[in-house]
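*Asks:* Have a look at the structure that comes next, please.
Every number in this text was worked out from the coordinates using simple rules, so none of it is lab data. It should be emphasised that the depicted structure is a prediction, and the values quoted were computed from it without experimental measurement. Here Cβ is always computed from backbone atoms with ideal geometry, including for glycine, and neighbour counts include all displayed protein chains.
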Amino acid sequence: MSVGDKTIETTNGLSRATKHPVQQITIRTDSREILANARRDIERYKLHDYFIVDVDSHHVEFDSWGEILDRLENPVLRHNAKAMTQDWPNAKQLAFSNHPVGLTFQDVFGRIPHQAQLAEDVEKSAEHRDLTLIRRAMESLGIKMQVVFPQPMLEMGLHPEQDIVTAMTFAYNRWFTETILPCEKRVKSLLCLPFHDPEASMKTIHEFGEKPGVVGFMVTSQRHAGVHRNMYMKIYRELEERGLPLAFHAGPSWGDTMTSTMNRFLAVHSMSFVTCNMTHMANWIVNGLPERFPKLKVIWIESGLAWVPFMMQRLDHEYLMRQSDAPLLKRLPSEYIADMYFTSQPMEVTMPHMLEATMKAIRAETQLMYSSDWPHWDFDVPARIAALPFLNEQAKRNILGENARRVFRL
Amino acid sequence: MPATSQRVFVGTSGDVPPNGRLVVDVGAITIGIFRVDGKLYAYQNTCAHQGGPVCQGKMVPRVTEVIEPDGSSRGFAFDESDPHIVCPWHGFEYSIKTGTHPGRSSARLIRVNVEEAPDGIYVTV
């Protein structure tokens, strides 16, 4: 009579219990099983009927690290990286990367397995394993198009050796545009710029700007570069003329002056992503870059939303008293911010009235784009947006996909 | 979900070992049954946060922090008397005994009636 692995008839014959095939979710569990409850949301909120675009998700390039290193153009750097992978016990998937200590804290020490790795089995086929995993997540979440980013590569913006940053950024971009993007039209990407080097950034735009699936470019994790410096203007002009968005994808660092005082990753993660984007936004606004590049679409990624009304109020307050510090501005900082674009994740929902006010302030109906951040530990399912009681039907459709369709010309 | 409740056999007592669990599907409902200090607890497999598969998560004792009378910290400790179930989607933790998040009592799991009869374990759905 043990339930074991078989179906058990109940005593009354009306219902029966079946032992669930997965008793505990681990790093080896199939993504479709991990996300099975999200598929229920698709029915519940009728999401089949929505054009859902996920503007921030990730694949795991660790598994393809050797292929990326093979694309290092400089033979000495390629030799050095490959030698590292062969001789150091843990460098096969890390050579030349900038993998900081905090990243391995993200899974809360085994509590959130999918953050650590997706080590599930995939069928043997000609398709790249990463693409299979992307498809599984899209299917489970009801996503029609997905903007996919790397993971450890996002930390390259804080790598201390700038020649390696440039070389690795090109190598990864080549690998992704050769291996993943041409194989699935529903997968898109904003490619990383080697932002410290404007010439290399321009070369990146020229080499990859028209590749299939490339819908823009982004600055990642970097927070020590003043985005207002004259050397970057050519990048903004080039993107504006091409009609391609510039995104700022925040990243955490436990090594910043501020976060170095913190002893818990909770505090680091809460503050570090947001201050990364706050720094760039402050410089972007007070230096009048929206006036200089009025048609350039700017997107702020992976900092949630609660920081935005703070920035709006704070910058407005100071600007009115110090107008001479920001002479290019013709409007309030908050009005420029309301013309920018934001991705939703990780959306702070514990105070719904404040979230509602935030969405009004940023004009979410036209400026906000849903993002999952899957498979990261704080990912958001599409139901997060679909369930919001204060949004009307059209606003939900816009945030879940129509705004992205317009911004990226999908 | 049937209009009337049903008492459903889910397994023998041995199928839910001490400090262990059994996750079963009853129709469209997935239920986790846990045994702590000899007593059974059962919850629907839906996290109060974003609906994640909480009962399929990691079981780990509640983490506490040891504080000296003078207010200084002596670091983390496990409270073995309060095992938690952790939602694998985002890490929301619940006391298995109470079904509530230790920091926000309104975040609670959906309890399922469970009983241990001489011939095995039953839930009422």
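*Asks:* Project the alpha carbons of the stretch A:31-97 onto their principal axes and report the range along each, largest first, in whole Å.
*Replies:* If we take the Cα atoms of the stretch A:31-97, the spans are 55, 24, 14 Å.
*Asks:* Straight-line reach from A:Lys360: which lysines have a Cα under 17 Å away, not including same-chain ones fewer than 8 places off?
*Replies:* Result set, ordered by chain and number: A:Lys396.
*Asks:* Mind checking the stretch A:279-332 for trypsin sites (Lys or Arg not before Pro) that DSSP puts in a loop (not H, G, I, E or B) and that have at most 16 other Cβ atoms within 10 Å?
*Replies:* Of the trypsin sites (Lys or Arg not before Pro), the ones in loops of the stretch A:279-332 whose Cβ has at most 16 other Cβ atoms within 10 Å are A:Lys295, A:Arg322, A:Lys330, A:Arg331.
*Asks:* Taking the Cα atoms of the stretch A:70-213 alone, what are Rg (to one decimal) and Dmax (as a whole number) in Å?
*Replies:* Both quantities, over Cα of the stretch A:70-213: 16.3, 45 Å.
*Asks:* Related question: Could you put A:Asp256, B:Asp70 in order, starting from the residue whose Cβ has the fewest other Cβ atoms within 10 Å?
*Replies:* Sorted ascending by nearby Cβ count, the order is B:Asp70, A:Asp256.
*Asks:* If you don't mind, another one. Output wanted: per-residue J couplings in Hz (rounded whole) for the stretch A:29-34, from phi through Karplus 6.51 cos²θ - 1.76 cosθ + 1.60, θ = phi - 60°, x for Gly and Pro.
*Replies:* 6, 4, 3, 5, 6, 4
*Asks:* Restrict the search to the stretch A:110-190; then list the GluC sites (Glu not before Pro) that DSSP places in a loop and that have at most 10 other Cβ atoms within 10 Å of their Cβ.
*Replies:* Passing sites in the stretch A:110-190 are A:Glu123.
*Asks:* Add -39500 (n - 2.57) for each DSSP H run of 4 or more in the protein assembly as shown, then divide by its residues: what number comes out at 222 nm, to the nearest 500 deg cm²/dmol?
*Replies:* Using -39500 (n - 2.57) per qualifying helix, the result is -8500 deg cm²/dmol.
*Asks:* Ok, one more. For the charge dipole of the protein assembly as shown, defined by +1 on Lys and Arg C-beta atoms and -1 on Asp and Glu C-beta atoms about the Cα centroid, which residue among A:Leu77, A:Leu391, A:Thr18 has the Cα displaced farthest towards the positive pole?
*Replies:* A:Leu391
*Asks:* Which Cys residues of the protein assembly as shown have no other Cys Cβ less than 4.7 Å away and so no disulfide-compatible partner by this rule?
*Replies:* A:Cys183, A:Cys192, A:Cys276, B:Cys55
*Asks:* Taking a cut-off of 28 Å, what percent of all Cα-Cα pairs in chain A are separated by more than that?
*Replies:* Percentage above 28 Å: 50.
*Asks:* With unit charges on the beta carbons (Lys and Arg positive, Asp and Glu negative) and the dipole taken about the Cα centre of the protein assembly as shown, which residue among A:Phe265, A:Leu410, B:Thr46 sits farthest to the positive side?
*Replies:* Farthest along the dipole direction, towards plus: A:Leu410.
*Asks:* Further question on the same structure: Using 5 Å bins from zero, what percent of all Cα-Cα pairs in chain B falls into each bin?
*Replies:* Result returned by the calculation: 2, 11, 20, 21, 18, 13, 7, 4, 2, 2, 1, 0.
*Asks:* Tell me, in nm to one decimal, what length is gained between A:Glu73 and A:Glu139 on full extension, where the rule is 0.36 nm per residue of separation less the Cα-Cα distance?
*Replies:* Computed gain between A:Glu73 and A:Glu139 is 20.1 nm.
*Asks:* Give a residue-ordered list of calculated ³J(HN,Hα) values for the stretch A:391-404 (Karplus: 6.51 cos²θ - 1.76 cosθ + 1.60, θ = phi - 60°; whole Hz; x for Gly, Pro).
*Replies:* For the stretch A:391-404, the Karplus curve yields 9, 7, 4, 5, 4, 4, 5, 5, 5, 6, x, 5, 5, 5 Hz.
*Asks:* Measure off 7 Å from each Cα along the Cα-to-Cβ vector at A:Thr350 and A:Asp316, then give the distance between these two points in nanometres to one decimal.
*Replies:* The modelled label-to-label distance comes out at 2.6 nm.
*Asks:* Set the Förster distance to 35 Å, then compute FRET efficiency between A:Lys234 and A:Arg405 from the Cβ-Cβ distance, nearest 0.05.
*Replies:* After rounding to 0.05, the efficiency reads 0.75.
*Asks:* Among the listed pairs A:Lys46/A:Lys144; A:Lys188/B:Lys58; A:Lys144/A:Lys211, which have their C-alpha atoms separated by more than 22 angstrom in this model?
*Replies:* Result: A:Lys188/B:Lys58 exceed 22 Å.
*Asks:* How shielded is A:102-111 by partner chains, expressed as the average number of their Cβ atoms within 10 Å of its Cβ atoms?
*Replies:* So the per-residue partner count for this stretch is 3.
*Asks:* Return the percentage of antiparallel bridges among DSSP beta bridges fully within the protein assembly as shown, rounded to the nearest 5 %.
*Replies:* Of all bridge pairs located within the protein assembly as shown, approximately 65 percent are antiparallel.
*Asks:* Let me ask you something else. Starting from the Cα of B:Lys39, draw a straight line to each of the lysines and keep only those under 17 Å, dropping any in the same chain fewer than 8 residues away.
*Replies:* B:Lys97
*Asks:* Also, I was wondering about something else. In whole Hz and in residue order, list the ³J(HN,Hα) couplings for the stretch A:48-59 that follow from phi through the Karplus curve 6.51 cos²θ - 1.76 cosθ + 1.60, θ = phi - 60°; x for Gly and Pro.
*Replies:* 4, 7, 9, 8, 9, 10, 9, 8, 7, 9, 9, 10
*Asks:* Let me ask something additional. Which far-off residues, 5 or more places away or on another chain, put their amide H under 5 Å from the one on A:Cys192, with H placed in the peptide plane?
*Replies:* For A:Cys192, the qualifying residues are A:Met218.
*Asks:* What does the structure give for B:6-15 when I average, per residue, the other chain Cβ atoms found within 10 Å of the residue Cβ?
*Replies:* Across B:6-15, the average partner-chain Cβ count within 10 Å equals 6.
*Asks:* Let me ask another. How about the stretch A:140-236: which trypsin sites (Lys or Arg not before Pro) there lie in a loop by DSSP and see at most 11 other Cβ atoms within 10 Å?
*Replies:* Those satisfying the criteria are A:Lys185, A:Arg229.
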